Amino acid sequence: MEYRYVKAFEFNFNFGTLLSVDFSSSIDNSDLINITEEIFNEIRDCIKVRGIPSLIWFKGINDTINPSKFKLVIRMIKALYPKQKIGIYLNCGIFHNSDILSIFYDCDLVAINLNTVDTLNFSKINRCPEFIDSMDVLEGIIEFSSQFKGKLGIYTMFLKGINDDFMTVNNLKNFLLKVMPDYYSVSNYILDGFEPVSREFKENLKEKLDILPFNVMYMF
């Protein structure tokens, strides 16, 4: 079977075997009509061939791709595989809408991409719509973290000349102490012409983050 939404079945050092599913592989809005059935059929077929994964890992959920469709897919998976663990990777921008946060409470793992908490250029650096209010996003993440019972991770990509300054790091650190995720992962974005952040920045970053009272993972 040729897959559109299932992207990989692979081993991850931190989470075990991952079956990766990308909602954003929809070509246009007309695809969304049958997306739940199509994704579920691909997942079921992949599991028949490869076996049950440690985690089914979803990404590509946003306000355009209705989160309620993700909720329906999860219900279909749990009906057939009651013990299957579910993880999802979300851009921070989705947390501006408190009405949809409850959809993700049933996940076992939620990972949030958050590259800055600073108001200036918040949407641009975090790659979310311009109309989003940064305070709504940050308050939404804090509220979600207080209610969520699964594992919560925060991911930050540092871009040279964009958010690789220590005011950004300090503000992120202070925000993380309010959220208290299970882990925090940092990486260095080097695509699209970006150069690596400096060695000095990496060393100082580790010095500042190693005091955090939760696991910090350095992906560079």
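Laboratory data are not the source of any read-out in this text; all were calculated from the coordinates shown. Note that this is a predicted model, so its numbers are computed, not measured. Note: ideal-geometry Cβ built from the backbone for every residue, glycine included; neighbour counts use all protein chains shown.
For this structure, a couple of remarks:
- Helical runs (DSSP H, four residues minimum) scored at -39500 (n - 2.57) apiece and divided by the length of the chain put the mean residue ellipticity at 222 nm at -10500 deg cm²/dmol.
- From the alpha carbon centroid of region 130-180 to that of region 89-118 is 10 Å.
- For residue 90, the residues whose amide H sits under 5 Å from its own are 111, 112, 113, ignoring neighbours fewer than 5 places away on the same chain, with H placed 1.01 Å from N.
- Contour minus Cα-Cα distance for residue 4 and residue 206 (0.36 nm per residue): 68.8 nm
- Think of each Lys and Arg Cβ as +1 and each Asp and Glu Cβ as -1; about the Cα centre, that makes the dipole of region 118-220 roughly 320 debye.
- The chain, relative contact order [Cα under 8 Å, separation at least 6], %: 14
- Using a Förster distance of 25 Å, the FRET efficiency for residue 41-residue 15 (Cβ separation, nearest 0.05): 0.55
- Calculated FRET efficiency for the pair residue 62/residue 215, C-beta based, R₀ 25 Å, to 0.05: 0.35
- Between the amide H of residue 197 and those of 160, distances stay under 5 Å, these residues lying 5 or more places away or on another chain, with hydrogens modeled in the peptide plane.
- Whichever aspartates and glutamates have a C-alpha closer than 18 Å to that of residue 202, once near sequence neighbours (fewer than 8 apart) are set aside: 164, 165, 210
- For the chain, the share of DSSP beta bridges that are antiparallel, to the nearest 5, is 20%.
- Between 0 and 90°, nearest 10: helix 199-209 axis offset from the chain longest Cα axis: 80
- For the chain, the longest principal axis of the Cα atoms and the long axis of helix 134-147 meet at an angle of about 60 degrees.
- For 133, 63, the sequence from fewest to most other C-beta atoms within 10 Å is 133, 63.
- The 3J(HN,Hα) values that the Karplus relation (6.51, -1.76, 1.60; θ = phi - 60°) gives for region 149-161 are, in residue order, 9, x, 8, 10, x, 10, 10, 10, 9, 8, 10, 4, x Hz. Gly and Pro appear as x.
- With Cα atoms, 0 to 90° folded angle of helix 67-80 axis to the chain main axis: 50
- Cα pair count fraction exceeding 22 Å, expressed as % - region 118-220: 32
- Note on residue 165 and residue 191: their simple-model spin labels are 2.6 nm apart, each label 7 Å out from Cα toward Cβ.
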